[in-house]
Amino acid sequence: MDERRVVTERRGHVLLMGLDRPEKRNAADLAMLEQLALAYGELDRDPDLRAGVVHAAGEHFTAGLDLGDIAPRIGPEGLDIVPEGGIDPWGMSGRRVTKPVVLAVQGTCLTLGVELALASDVVVAAESARFGQLEVGRGILPFGGATTRFPRVAGWQNAMRWMLTGELFDAAEALRLGLVQEVVPHGRQLARAVELAERIAAQAPLAVQAVLANARLAVRDGETAAEERLQAELVRLAGTEDMRIGLEAFRTRGEPRFVGR
């Protein structure tokens, strides 16, 4: 049986997913990739969970792939990291997780860690964070979404500057690029990520998921495709119990307690 590489914890409506191989700077072997995919599957399936937080034990988020473990597993079809019941955290195969994910990053964050940031919805970085897309120095290319998402987030020249050189950049540059949304003192990143996830989880979950889905549709199929869905989605949400709860809270100036129906 594989050692535990990802530790999960429920905090109310939030699922914490912790990379737990600090002695290897959280380098990702196949066991870690599969366990993270299973955690994403749990987040997606459970109606009581409304947001996820990915974080890492120790001083570093991840040193990237454990190539000694991973390289021999790359077959003619590439690398399969999603077991039954899992969802690809990088969104490169199968359907994507339907609920928001917040990332908390500290120390070293290399290769697939950068790509996990690009695949997440909000990223909080410690001032200690250092990022790098190093694949060209290993004779491979980024295969977790950086070649498409990094240019879209940061602009073509900004993305190529870092992907083609394989050099490291700091948290301030990651913030400038749009890769991260907040930079906080080292040690504060997880608490802040949980705060944001809990704030998201306090909103109407069906509405949150609809926003996420429509924005992704715009990225994937274009703005027109997303715009064409807006009225139908508005009508669907208008018939939910959560909208009635939201309207009542607006009327009474109370705090809404959404139920996800």
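Since every read-out is calculated from the coordinates, none of them should be taken as a lab result. None of the values given here were measured: they were computed from a predicted structure. Every residue, glycine as well, gets a Cβ built from its backbone with ideal geometry; the counts of neighbours run over all protein chains shown.
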Practice problem: Could you compute the FRET efficiency for R257 and L230, with r as their C-beta to C-beta distance and R0 at 30 Å, rounded to 0.05? | Solution: 0.65
Quiz item: What is the dipole size for the stretch 50-109, taken about its Cα centre, with +1 at each Lys and Arg Cβ and -1 at each Asp and Glu Cβ, in debye to the nearest 20?
Solution: 400 debye
Exercise. For the chain, give the magnitude of the charge dipole about the Cα centre (Cβ charges: +1 Lys/Arg, -1 Asp/Glu; no others), in debye to the nearest 20.
Key: 620 debye
Quiz prompt | Farthest toward positive dipole pole in the stretch 112-261 [+1 Lys/Arg, -1 Asp/Glu at C-beta], among T224, A197, A119 | solution = A197
Quiz prompt | Helix-only [θ]222 nm of the chain, DSSP H runs n ≥ 4, -39500 (n - 2.57) each, per residue, nearest 500 | solution = -13000 deg cm²/dmol
Quiz item: Going by the alpha-carbon gyration tensor, a ≥ b ≥ c the square roots of its eigenvalues, is the stretch 57-100 rounded (a/c under 1.5) or, if a/c is not under 1.5, prolate (a/b greater than b/c) versus oblate?
Solution: oblate
Quiz item: Using alpha-carbon positions, what is the distance between the centroids of the stretch 133-158 and the stretch 1-56, in Å?
Solution: 24 Å
Quiz item: Out of these labelled values of volume of the Cα convex hull per residue in Å³, [x] 114; [y] 141; [z] 172, which was calculated from the coordinates shown here?
Solution: [y]
Quiz item: With N residues in the stretch 120-212, what two-decimal value do you get for its Cα radius of gyration over 2.2 N^0.38 Å?
Solution: 1.24
Quiz item: In the stretch 1-100, which trypsin sites (Lys or Arg not before Pro) fall in coil by DSSP and have 14 or fewer other Cβ atoms within 10 Å?
Solution: R4, R95
